[in-house]
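Comments concern the structure below.
The values are calculated or read from the model by the stated rules, or taken from the named source; none is laboratory data. Bear in mind that the values here come from a model prediction, so they are computed numbers and not experimental data. Counting neighbours? That spans all protein chains shown, and the Cβs are built from the backbone with ideal geometry, glycine included.
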Amino acid sequence: MKALQRITVLGATGSIGQSTLDVIAQHPERYEVFALSGHARLDELFALCQRHRPKCVVVATAADATSFSQRLREAGLATEVLHGEQGLSDVASASEVDAVMAAIVGAAGLKPTLAAVRAGKKVLLANKEALVMSGGLFMQAVRDSKAVLLPIDSEHNAIFQCLPGNYAQGLSQVGVRRILLTASGGPFRETPLANLETVTPEQACAHPNWSMGRKISVDSATMANKGLELIEACWLFDARPSQVEVVIHPQSVIHSLVDYVDGSVLAQLGNPDMRTPIANALSWPERIASGVAPLDLFAIARLDFHAPDEHRFPCLRLARQAAEAGGSAPAMLNAANEVAVAAFLDRRIRYTEIARIIDAVLSQEPGGSLENLDAVFEADTVARRTAVQWLTRQGR
Ligand code: NDP
Ligand code: MG
């Protein structure tokens, strides 16, 4: 019998966190929860502690930690409560931990995810923003620590499954011509362009195929998500931006494809449910059940493909430009997008202004190289400040 693997789930209260815990709970003989983290949704975090009985839990602030400890004690739970960035990094790198699910949303996930990488853990990467911000440093840390980095993003997990085991030798060495990154096109794929000015956060978050957190749902509507994923793919698979082509595939059944020089194209298919890539990465190189229903090809009946329209999806064009510029441009794109999406969800800006803010930040800030983590956070801060100045100038 195999040893039980102890898992830390960063961002346990979120959509990926909950799907991860669902898969873990299906395999109590293989996995045990070591630590969970939450931020604002403390009632959900408390319920998860009751259900999964982690050794540690991480909350946002010292004050939250005090009240949360009290609540756990009253419920008879001996869970240790940590807080803040240090607490997150501690549970990501603890010696008892075998694998870390990095599922905090946005730049806040970077330091704890890097802590897991530096501790040489098996890192299940959902937090694409961490890699987009600090790709070169992040991948160097993976090589130095010999951490095992496994992609959770459905597209990257699909690409990973379609590549041979020795792909790290270089894509051309293993006969890869292109990576085809699929995208659903989101809820506004066919909305008349003139109507995009007035779409609401509720409409943007109503994704046709996937159920996800609010930030990534807006990113899917604008296709900023696909832009971040293009950058993510370049780092994960050592690809040039020109080797990654985005394909709109509205059914979200093919999760991505790899095109080889001999004309073979390998694809990974499945129902759009994140428990598949999560189970794949958790158990890799083995396979375990995920709870996802088998794919019914007869019910799907057809698969469609289109080229993305850059007028409809300017964020995708901006992300490709940032990928090609390299250096601090992707970190700035990510930060500007985070500020813009938060303002849109707060109803302070229109949907169409998300791309305008990113464009303004990228064209105003010269960017530079990223020698260390301080430079990454400096680029992030500068871009956030410039984005906020844009909002202030517009009176938002
Ligand atoms: P959610 O918004 O559902 O969850 C985000 C998680 O991060 C929650 O646990 C939240 O805590 C926590 N969190 C938010 N802000 C902070 C902060 N400042 N410090 C610490 N923790 C914080 O997002 P998703 O689960 O949808 O996405 C998580 C990550 O996975 C993102 O990077 C996303 O791009 C990526 N991803 C998601 C997919 C999906 O299908 N959902 C698919 C592919 C990638 P709380 O809720 O308690 O506030
Ligand atoms: Mg994805």
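Details
- When segment 363-390 is filtered for residues that are in contact with a helix residue (DSSP H, G or I) (Cβ under 6 Å, 6 or more places away or on another chain), touching a residue at least 40 places away in the same chain (Cβ under 8 Å), assigned to a helix (DSSP H, G or I) and not β-branched (V, I, T), the ones remaining, listed by number, are A379, D380, A383, R384, A387.
- Selection count where residues are closer than 21 Å to K111 by Cβ and either surrounded by 15 or more Cβ atoms within 10 Å (Cβ to Cβ) or under 23 Å from the mean Cα position of the chain (by Cα) (or both), scope segment 350-386: 14
- Answer residue from segment 80-130, given it is near ligand 1 (Cβ under 10 Å from one of its atoms), within 26 Å of S69 (Cβ to Cβ) and in a strand (DSSP E or B) and is farthest from the chain's Cα centre (by Cα) among those: M101
- Residue pairs meeting the criteria (Cβ under 8 Å; at least 6 apart or on separate chains; first among the small types (G, A, S) and surrounded by fewer than 19 Cβ atoms within 10 Å (Cβ to Cβ), in segment 115-142; second modelled with pLDDT of 95 or more and not in a loop (DSSP other than H, G, I, E, B)): A119/A92; A119/S93; A119/S145; G120/S145; G136/W235
- The set of residues in segment 219-251 that are buried (at least 22 other Cβ atoms within 10 Å of the Cβ), farther than 15 Å from I159 by Cβ and away from ligand 1 (no atom under 11 Å from the Cβ) comprises A221, T222, M223, G227.
- Any hit, segment 151-166, residues being within 13 Å of ligand 2 (Cβ to nearest atom), in contact (Cβ under 8 Å) with a residue 12 or more places away in the chain and among the polar types (S, T, N, Q): yes
Okay, residues lined up against (1) aromatic (F, W, Y); (2) within 24 Å of G17 (Cβ to Cβ); (3) more than 13 Å from ligand 1 (Cβ to nearest atom); (4) part of a loop (DSSP other than H, G, I, E, B):
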site	(1), (2), (3), (4)
F138	yes, yes, yes, no
A141	no, yes, yes, no
E155	no, yes, no, no
A158	no, yes, no, no
E190	no, no, yes, yes
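- Filtered by the rule that a residue be assigned to a strand (DSSP E or B) and either free of Cβ contacts under 8 Å to residues at least 12 places away in the same chain or within 16 Å of ligand 1 (Cβ to nearest atom) (or both), segment 1-33 gives I7, T8, V9, L10, V33.
- Strands (runs of 3 or more DSSP E) lying entirely in segment 226-308 (those with 1 or more residues that are away from ligand 2 (no atom under 16 Å from the Cβ) and of a type outside the set (D, E, K, R)): 254-260, 265-269
- The residue that is surrounded by the fewest Cβ atoms within 10 Å (Cβ to Cβ), counting only those in segment 84-105 that are touching a helix residue (DSSP H, G or I) at 6+ places or on another chain (Cβ under 6 Å) and under 24 Å from R214 (Cα atoms), is E85.
- Options S220, S290, S283; residue that is in contact (Cβ under 8 Å) with a residue 60 or more places away in the chain, among the small types (G, A, S) and either under 30 Å from G327 (Cβ atoms) or in contact with a Ser or Thr (Cβ under 8 Å, 6 or more places away or on another chain) (or both): S290
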